[in-house]
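Trainee: Quick one: this structure, given as structure tokens, is what I'll be asking you about.
The values are calculated or read from the model by the stated rules, or taken from the named source; none is laboratory data. These numbers were taken from a predicted model, which means no experiment stands behind them. Ideal geometry is used to build each Cβ from the backbone, glycine not excepted, and the neighbour counts take in all protein chains shown.
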Amino acid sequence: MDVISIFHEDIVLLSVTMVMNHRRNARTPARLLARTCYKRALSTTTRFCAALKFTDKHEWVRVDSGVATVGISNFAQEALGDVVYCGLPEVGTKLAQSDEFGALESVKAASELYSPLTGEVTDVNDALADNPGLVNKSCYKDGWLIKMTVYIPEELDGLMEEAAYERYIKSIED
Amino acid sequence: MILRLSNRACVLSGSARLKSTLSTFFDEMGKAGIVLKSASTGIFENLALEDWIHDRVDLQNRSMLLLWRNSPVVVIGRHQNPWQECNLPLMRRLGIPLARRRSGGGTVFHDFGNINMTFFTSKKKYDRHRNLKVVTRALKALRPDLDVAASDRFDILLNGHYKISGTAAKLGRTSAYHHCTLLCSVDRSILPSVLKSNTSEVIKSSATPSVPSPVKNLLDVDPTLDSNTIMDAIASQYSNEFGFDSPVIKVDPTHEGLMPGIHKMAQDLQTWEWIYGRTPKFSVCSSIVVEDVTIKLDMDIKNGAVEQCAMEIPENWLPSEMVNEFTSTLNGSKYCPNETAVLVAAFMRTVSMTADVAVKIHRLCAGVVSVM
């Protein structure tokens, strides 16, 4: 049994219990949500697909089953240099979009990290305590920083798709 | 030209523009570069001033240099472990406070013989090498024969060997600051002993370590070089280097009216939660000797509090139930000698024990506190 809790500012806490079949059929998370009483229509593609989205502060977000994984982009890790310490928040910390949630220390400086979304921290990458270099070596995979719930799914619409982010980087470099 | 902002502030508050702050004052000045001098020698007020400028002043088209000095204090980097970096019991005895800054880097000792310089810029213009050139060129302008140069670690070395300056930095949303120290006439009888931990061998931690270096004062090579002369030279060279026409402005960081929110920033920097509680998770594994008995002490400290405490004590010295009750008392408490002493005193009042056991508990407490 999987339990998905959806937080939305217009509705009271809604828990959706879902039975996961081996093959995702009619009871996909998106379909179940469509049946619940949301005031706003939900687009299924941006909320629950696993594509990367980027902020202008060079953080990436990947949403999977209502949980967002957050990390820094390749551009950011190259600019930072070797990360020697990851200062990350406690599980349970509530973050508003753009709140400072920690810092990465490298030879360059202590660089603050800003939350791409509004939500609550559900997991912190403990592997980074002993191996902060994972942020450089595998910034999109093993070097993830935190996982958090997505309180306001619409915030994802304001983030950049990969192609737009590539264009953004080129514009800064010029 | 030095403007006293405290006088100017009276003018500002007397006018109809009650919302004027230091930030709007800079905007109205229209200067691309400004040099500030702090009127305070309090570390927390000065660190708060840095935070305030970084957060509230528009640094996209303007750069600033802040010059400041503090009364004796040990300052650790954002992700450091004070128990590993300095001698806390000695500092308590000498009345030297501990501060944690928001930038990275290592541990330093400040007193009036040390000059602090903070270079504020936009993130784009962040350039530590260029900032350090301001310092080395200023010193060489004063004394052309002085052998001072920046290393690739962003230290400034005297005679190729002695560290006279260390660097740390913070990158924020859109702006950055780079600050560094400069040893002019620091009390070198205190510096080495406060910066040597009494417990580093018993600590296991992933905190960022300092890189110890031999140090010297500029005063040692030239007794005529004093802090004020050096600060003036640096202010002047800053203007030369960046092509600014910077006035030097004295700022009082306790002026809440001019810098709304600065008082709270200073308060936040003084909380136990920030100074000690932000220490990365670490463990202590120590053998302490009490009454000729060797006791093995194991503690896990998270957010500055004892997450777990275990002791190996011979059963015939103290019964294990008593030991378990003692260690449970410590669980969840701040890793702090005062708090521990208070908890143990309460423990001794509430748990019945013979006088003999009470003496042992008292001495055990002293042993535990000795590693804090």
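Yes/no matrix, rows are residues, columns are (1) away from every other protein chain (no Cβ under 12 Å); (2) modelled with pLDDT under 95; (3) surrounded by 15 or more Cβ atoms within 10 Å (Cβ to Cβ):
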position: A:Gly66; (1), (2), (3): yes, yes, yes
position: A:Lys94; (1), (2), (3): yes, no, no
position: A:Glu100; (1), (2), (3): no, yes, no
position: A:Val121; (1), (2), (3): yes, no, yes
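Trainee: I'd like the full set of residues that are within 14 Å of another protein chain (Cβ to nearest Cβ), of a type in the set (A, V, I, L, M, F, W, C) and under 30 Å from B:Gln60 (Cβ atoms), limited to region B:175-215. Walk me through it before giving the result.
Mentor: Initial filter on region B:175-215 (within 14 Å of another protein chain (Cβ to nearest Cβ)): B:175-180, B:204-211.
Cutting the leftovers down to of a type in the set (A, V, I, L, M, F, W, C) gives us B:176, B:180, B:207, B:211.
Scanning region B:175-215 gives B:Ala176, B:Cys180.
Let's see how each residue does on (1) in contact with a strand residue (DSSP E or B) (Cβ under 8 Å, 6 or more places away or on another chain); (2) at positive phi; (3) small (Gly, Ala, Ser); (4) not assigned by the TED database to the domain that holds B:Ala168:
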| position | (1), (2), (3), (4) |
| --- | --- |
| B:Asp27 | no, no, no, no |
| B:Gly33 | yes, no, yes, no |
| B:Ser38 | yes, no, yes, no |
| B:Asn46 | yes, no, no, no |
| B:Asp51 | no, no, no, no |
| B:His54 | yes, no, no, no |
| B:Val57 | yes, no, no, no |
| B:Arg62 | yes, no, no, no |
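Trainee: If you don't mind, another one. Of the residues that sit in region B:261-276 and are within 14 Å of the chain's Cα centre (by Cα) and within 14 Å of chain A (Cβ to nearest Cβ), which one is surrounded by the fewest Cβ atoms within 10 Å (Cβ to Cβ)?
Mentor: Only one residue tops the list, namely B:Asp268.
Trainee: Under the condition of being in a loop (DSSP other than H, G, I, E, B) and touching a helix residue (DSSP H, G or I) at 6+ places or on another chain (Cβ under 7 Å), which residue from region B:70-93 is farthest from B:Thr181 (Cα to Cα)? Walk me through it before giving the result.
Mentor: We begin by selecting, within region B:70-93, every residue in a loop (DSSP other than H, G, I, E, B); these are B:70-72, B:77-81, B:86-87.
Filter once more, keeping what is touching a helix residue (DSSP H, G or I) at 6+ places or on another chain (Cβ under 7 Å): B:70, B:86-87.
Values: B:Asn70: 11, B:Cys86: 18, B:Asn87: 21 Å.
Restricting to residues being in a loop (DSSP other than H, G, I, E, B) and touching a helix residue (DSSP H, G or I) at 6+ places or on another chain (Cβ under 7 Å), the top hit is B:Asn87.
This table checks each residue for (1) more than 19 Å from B:Asn240 (Cβ to Cβ); (2) polar (S, T, N, Q).
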| position | (1), (2) |
| --- | --- |
| B:Val134 | no, no |
| B:Ser151 | yes, yes |
| B:Gly160 | yes, no |
| B:Leu171 | yes, no |
| B:Ser175 | yes, yes |
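Trainee: Would you be able to say whether some residue in region A:123-130 is in contact with a Pro (Cβ under 9 Å, 6 or more places away or on another chain) and modelled with pLDDT of 95 or more? Step through it out loud before you land on a result.
Mentor: Residues of region A:123-130 in contact with a Pro (Cβ under 9 Å, 6 or more places away or on another chain): A:124, A:129.
From what is left, the residues that are modelled with pLDDT of 95 or more are A:124.
There is at least one residue in region A:123-130 that is in contact with a Pro (Cβ under 9 Å, 6 or more places away or on another chain) and modelled with pLDDT of 95 or more.
Trainee: Could you list, in sequence order, the residues of region B:122-173 that are closer than 24 Å to A:Tyr85 by Cα, polar (S, T, N, Q) and within 22 Å of the chain's Cα centre (by Cα)?
Mentor: Passing the criteria: B:Ser165, B:Thr167.
Trainee: Moving on to the next point. Can you name the condition, by its number, that B:Arg278 falls short on among (1) assigned to a strand (DSSP E or B); (2) closer than 20 Å to A:Ala129 by Cα; (3) among the basic types (Lys, Arg)?
Mentor: The failed condition is (1).
Trainee: Filter region A:77-90 down to residues that are over 20 Å from the mean Cα position of the chain (by Cα) and in a loop (DSSP other than H, G, I, E, B) and give me whichever is nearest to B:Ser210 (Cα to Cα).
Mentor: A:Asp82
Trainee: Taking the stated definitions as given, is B:Ile96 in a strand (DSSP E or B), out of contact with any Gly (no Cβ under 6 Å at 6 or more places or on another chain) and buried (at least 16 other Cβ atoms within 10 Å of the Cβ)? Let's see the steps before the verdict.
Mentor: On the way: in a strand (DSSP E or B): no; out of contact with any Gly (no Cβ under 6 Å at 6 or more places or on another chain): yes; buried (at least 16 other Cβ atoms within 10 Å of the Cβ): yes.
Spelling it out, it is not the case that B:Ile96 is in a strand (DSSP E or B), out of contact with any Gly (no Cβ under 6 Å at 6 or more places or on another chain) and buried (at least 16 other Cβ atoms within 10 Å of the Cβ).
Trainee: Something else: More than 9 Å from chain B (Cβ to nearest Cβ), at pLDDT 95 or above, part of a strand (DSSP E or B) and under 17 Å from the mean Cα position of the chain (by Cα), is that true of A:Val70?
Mentor: Details: more than 9 Å from chain B (Cβ to nearest Cβ): yes; at pLDDT 95 or above: yes; part of a strand (DSSP E or B): yes; under 17 Å from the mean Cα position of the chain (by Cα): yes.
So A:Val70 fits the description; yes.
Trainee: Suppose we filter region A:123-148 for residues that are in contact with a Phe, Trp or Tyr (Cβ under 7 Å, 6 or more places away or on another chain) and within 13 Å of chain B (Cβ to nearest Cβ); how many remain?
Mentor: Going through region A:123-148 one residue at a time, the tally reaches 1.
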